[in-house]
Amino acid sequence: MPDDPALAHVESKGWSVGASLGEGAFGRVYVVTRPSDGVKAACKIIELHSKDEAEKLAFENESKIMMALDHPGIVKCFDAWDTESHAFLTLELMSGGELFDRIVTLKKFSESMAADVSYQCLRALQHMHNKGIVHRDLKPENLLLVNSTPDSPVKLTDFGLSHLMDAESKLMTDVCGTLAYIAPEILMLDKSDEDDGYGHQCDVWSMGVILYILLSGRTPFQGQNDKKLSKAIQRGEYSLERAGWSKVSDGAKSLIKQMLVVDPTKRASTEKLLGDTWFAEAAAKYNSRASIAGRLSSMVRSLSMTGEEEVNLMASEDYQIKQTDLENRLTRATLATARAKKKIKLVLAMGARRVRTSVKKTAPSVVQKPVELEAPPTAAPPAPEAAPEPPPEAATPPPATLLRRLSNGAAGVVGSVTEVVSSTASSAASVAGTAVTAASDAQEKTVVVLKRSLSFEGCAQRRPKSAGAMDDLKPVAGEKAAAGEKAAAGEKAAAGEKAAPAAGGDGETVVLDEIGYMALKKLVIAHGVPKKDAGNAPNKGMLQDLAVKNGCKLTFV
């Protein structure tokens, strides 16, 4: 039994506690296993303040909503309970991490990948809205990947700000969410008007922002501070003409235009969006997965002793991994077969051309000889007793020999092509593995650099150990010149020179776009923002103040 009372309490509920998955302002997360059936889950442990009734009510609301939802696109909640000091949630284990991290790694998604992610999320939203549940905090950080494969299924999580609308309350009136993804009707609420409010269409707006980010790698609305960003959202000021959008299809742009409509009454519903032709391929893929999962579930139920317990195999991580792996194998096999056929046709055509050329060169000696024998003699007639000349066919292989040679040559060509295809596939797999490893290393290095630069508690209550620690952000922001400056600084240090402490605001300027700003903001919160301030901090101004204290300037574009 663990020494930690909270972990001991988890084990008393029938879960075996495993490795830690991380800690943050929200609490701690551990891998847990249910010995009765071997199910693995993620246990979220939240520390409660005994006098904070609002905190307890928020937990009860979140657990109630998650227990009521059962959909393949929503993270499943196995159990939820609380004590006087802690609240506990055991959730479906998602080993692929956040969609936000995948966006940072890839910069932007292909249209096919973006369609798959958006379609799955819209199906989950449709299920929620039909039950009267509004998420109100949709963002890439709250979308989790089942596994680390490139086309891993995605699921909605974190229902802490969700709202269950009953028959009497049709509109919501409280302002909540993350500013970059908040719908304009929430920002324009008139508190003096009791009839003013907003509905579930706010989730559709947030999905439009996410789709824009997936296709372009940046947020649609820009602002130097929160006030200007809020104004841009309320006016619906975004562009589909920036660099990179010329390669995006009109179908994708049309879908974004339907979702990012300021007037919620004119904004497309989830039903209309799911029927758009841009989702045709994603819908077929989604339905194929659902069909396979349904058939397997039926087989398991038919083999069950009681036949009463429903099995949701599509929600199983093992199923998702096997299904995704099967689809990847099929795709690779199809592409390899097509390439092999193309190469075989090309090589056979070249081989046939060479054979025809060879026959053409040797054929005249076969044809001309009989013609000379039949032609009238122009010289002295040959002696009647002269021995006949050897048959001219001996100089050229007979047709049967030619056919055998052509057959053997074709077989050799097919064997060679097979070896080439096999070698190409192996090389491609090796390159893909190297690329994935490099991308993973690059992402890990970026996170390490950011964490080193943000090694403080309470938002700048403690300075980093190194006065120039914020300089480590330069490679992340794309400032290539920083590499040369660091090298020069290293040479000076080697020569025994001591670097002068950086004066606040006198260092180099670090430029971050919206994605970089969100990553920096996320790490600041994870490194010690007091819980009472987590709702409104850190904004861009706080981050710029922090940068000045650490010897550099921070600029947002």
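The values are calculated or read from the model by the stated rules, or taken from the named source; none is laboratory data. Bear in mind the structure is a predicted one, so any value in this text is a computation, not a measurement. No Cβ is skipped: glycine too gets one built from the backbone with ideal geometry, and neighbour counts run over all protein chains shown.
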Suppose the filter is out of contact with any strand residue (DSSP E or B) (no Cβ under 9 Å at 6 or more places or on another chain) and not assigned by TED's automatic domain parsing to the domain that holds A54; does A124 pass it? no
Neighbours by Cβ (under 8 Å, 6+ apart or cross-chain): first from the stretch 171-185, on the phi < 0 side of the Ramachandran plot; second in a loop (DSSP other than H, G, I, E, B) and among the hydroxyl-bearing types (S, T, Y): A180/T219
Hey, among D137, D174, D151, which residue is under 16 Å from the mean Cα position of the chain (by Cα), surrounded by fewer than 22 Cβ atoms within 10 Å (Cβ to Cβ) and either closer than 23 Å to W278 by Cα or assigned by TED's automatic domain parsing to the domain that holds G244 (or both)? D151
Here are some residues: A180, A114. Which one is assigned to a helix (DSSP H, G or I) and more than 21 Å from K272 (Cβ to Cβ)? A180
Do we find that S85 is free of Cβ contacts under 8 Å to residues at least 12 places away in the same chain and among the small types (G, A, S) in this structure? no
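One line per residue, one yes/no per condition, for (1) part of a loop (DSSP other than H, G, I, E, B); (2) within 30 Å of D513 (Cα to Cα):
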{"position": "A41", "(1), (2)": "no, no"}
{"position": "K56", "(1), (2)": "no, no"}
{"position": "E60", "(1), (2)": "no, no"}
{"position": "M67", "(1), (2)": "no, no"}
{"position": "H71", "(1), (2)": "yes, no"}
{"position": "A80", "(1), (2)": "no, no"}
{"position": "L89", "(1), (2)": "no, no"}
{"position": "T105", "(1), (2)": "no, yes"}
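Take G14 and decide whether it is outside any strand (DSSP E or B), outside the structural domain of N147 (by TED's automatic domain parsing) and either of a type in the set (G, A, S) or over 18 Å from G97 (Cβ atoms) (or both).
yes
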